[in-house]
Amino acid sequence: MPELDTSPAPRMTVLEVLKSQCSSPQDRRNQFRFVWWTLGWAVSFVAATFLLVEEVVTGPTRWVVVALPALVLVQTVRTYIRFLRETDELTRRIQLDALATAFGITVVGLMGYSLVTVAGGPELGVDGLITAPMVIWALSQFVASLRYR
Amino acid sequence: MKNRLRVLRAERDWSQATLAQHLKVSRQTVHAIESGKYDPSLPLAFRIARLFGERIEDIFDPDA
């Protein structure tokens, strides 16, 4: 009888880790929905900004334009929560690790940033304040997934 | 937590991907459990035990 290979498995490569996540049809479907809603939010945000800055819409309609991206974002968050609830348990752990890390870094960063602006440092602007936490979240996901390879 | 998952899988000549399919989890989950980096939830531990026809405590050793 051949001897069993029970030596420790080598570390997964980064590519293997990325391939392994969201491998079930349900995960792929949920992730697909999340990506599309995120893109929808980005498009609605840019469109709303254009309509408001160029004053294409006036009067009470402006408030509808303001509300529309927020409504799309609410649905985006709902699709992410659904993905989180239905995904593989290690992927959920990785996502929660990443969310906690990103939240912590964002809070600490914003506190530090508020002092920087008081001290006369450069201002990031609203775009930067929206983008920075998202980039931190994406990086946190990558780092968290490497922890379990 | 140490476990015998890799041995049990090797006895059946299954790849990590095959075991992952049986358990309905990702390959990374199987890999992380085998290498002791991740402890499975109780429902997953039961699924593993049932799949191999063993008791949970015969597969996972909390004292190791």
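Adding -39500 (n - 2.57) for every DSSP H run of four residues or longer, then dividing by how many residues chain B holds, sets the calculated 222 nm ellipticity at -15500 deg cm²/dmol. Overall, the anisotropy analysis places the range A:67-149 in the oblate class: the square-rooted eigenvalues a ≥ b ≥ c of its C-alpha gyration tensor yield a/c not less than 1.5, with a/b not exceeding b/c. Under a Gaussian network description of chain A, with springs only between Cα atoms under 10 Å, the residue in A:V65, A:V53, A:V43 that fluctuates furthest is A:V53.
Using only the C-alpha atoms, the convex hull of the range A:86-132 corresponds to 68 Å³ per residue. Taking the Kirkwood radius as Rh and the Cα radius of gyration as Rg, chain B has a ratio of Rg/Rh equal to 0.91. Helix A:125-147 and the long axis of chain A differ in direction by around 0°, with both axes built from C-alpha atoms. Here the sum of -39500 (n - 2.57) over DSSP H runs of 4 or more residues, divided by the residues of chain A, equals -27000 deg cm²/dmol at 222 nm, to the nearest 500. Over every Cα atom in chain A, the radius of gyration and the widest Cα-Cα span, Dmax, amount to 20.6, 82 Å.
Every read-out reported here was derived from the displayed coordinates using simple, explicitly stated rules and does not represent laboratory data. Fair warning: this is a prediction, and the values are worked out from it, not measured in the lab.
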